[in-house]
Every structure is written in structure tokens, then in C-alpha cells.
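Report on one structure; see the data block that follows.
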Amino acid sequence: MVLKDPGPYSVFLILFTLLLFGRVIGQLIVYLAAPRWLPPMDEWQSGLLPYPVLLASQALVLTFMTLICVDFARGHGFFVEPHPRGGVFSTWFAYAYFAGMVLRYIVTMTRHQERRWFGGTIPIIFHSIMAAFLWTWGRYHA
């Protein structure tokens, strides 16, 4: 089996990871200090999970994303080895995940007219970035 060059994929995977890391840090700053130059806490999350639980889950996700990025940057490792079925699943899951975020945006903007166009979209945008990460990893392997 011929392996693809992971280099071009690593650039995007690292970018998506850094964007999510920035979001997590931004939300943590708002939680701890609530500076006026950042949106208020209710803009950063839907409220489905208490913030400490959300932060722990974000840390776990970022850990896996970082491990994947390290393997791709090195050009070898478990996450770079061929996983064709995992790649196909990840690609299709990313499509569904992103479609869910489009639907979430439509529903949110329909129900909350006062938020148009960008109010409450931080979670939607960053879930879309997660979908892009999964799609990129999946395309490498599919």
C-alpha cells in the first residue's frame, strides 16, 4: 500500500488544533476573569454541560488532536499508519457533524432573531472546525 505524504495534512490538522486550543483558552479566560474585550460566557457554550465538565472534555479532545498532529508532523506513528475504514467513517461522520452544525445555526437563528448573524455562534464555529479536523484526518486515510 502506498502511503500519502502526511505533510500537507499536518498543516491543516495543526491549524484546526490551534484554533480549538485558542477557543478553550479564550473561554477559560472569560470564566476566570470575564474581561470586557471577550464575549460573555453565555456566548461560548450552549449550557448543556457544566463548564468544568466541558473543560475536561475539551482537554481530552485536544490531547487526542495533539497526538494526531505529532504523528503527522513526524510523518510516522499510529495515527499516520493506514486506517482506510476509519478514514471512510471519519469522513462521513465529519459530513454529518458539519451538516448538524449548519442545522444548529439555522435553528438558533430562527429561534433567536436577536442573535443574527453571529450571536451565540462560537460553539457552532468551533464544532465546525472539529468536523474539518475529522474530515482532514479521514481524507488522508480514505
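A short reminder: the numbers here are calculations on the coordinates, not readings from a lab. From a predicted model like this one, the values you see are computed outputs, not experimental measurements. As a convention, Cβ positions derive from the backbone with ideal geometry for all residues, glycine included, and neighbour counts pool all protein chains shown.
For helix 122-141, report the angle its Cα long axis makes with the longest principal axis of the Cα atoms of the chain; keep it between 0 and 90° and round to the nearest 10°.
The angle comes out at about 10 degrees.
Apply the Karplus curve 6.51 cos²θ - 1.76 cosθ + 1.60, θ = phi - 60°, to the phi angles in segment 94-110 and return the couplings in whole Hz, x for Gly and Pro.
Result, ordered by residue: 4, 4, 5, 4, 5, 4, x, 6, 5, 4, 4, 4, 4, 5, 4, 6, 6 Hz.
So what is the relative contact order of the chain, in percent, for Cα pairs below 8 Å that sit 6 or more residues apart? Walk me through the numbers before you get to the answer.
On the way: 137 pairs, mean separation 55.2, N = 142.
Worked out over the chain, it gives 39 percent.
Largest first and in whole Å, give the semi-axes of the chain's equivalent ellipsoid, each being the square root of 5 times a Cα gyration tensor eigenvalue. Spell out each step's value before the answer.
Numbers: eigenvalues 187, 66, 26 Å².
Three semi-axes, in Å: 31, 18, 11.
I need the peptides 47-58, 126-137, 65-76, 93-104 ranked by packing, meaning the mean over residues of other C-beta atoms within 10 angstrom, with the highest value on top. Before the final figure, lay out each step's value.
Details: 47-58: 12.8, 126-137: 20.8, 65-76: 16.8, 93-104: 14.9.
Most protected by this proxy first, the peptides run 126-137, 65-76, 93-104, 47-58.
How big is the gap, in Å, between the Cα center of segment 61-126 and the Cα center of segment 1-59?
That distance is 11 Å.
Quick one: what are the phi-derived ³J(HN,Hα) couplings along segment 56-63, Karplus 6.51/-1.76/1.60 with θ = phi - 60°, whole Hz, x for glycine and proline?
Each residue of segment 56-63 in turn: 5, 5, 5, 5, 5, 4, 5, 4 Hz.
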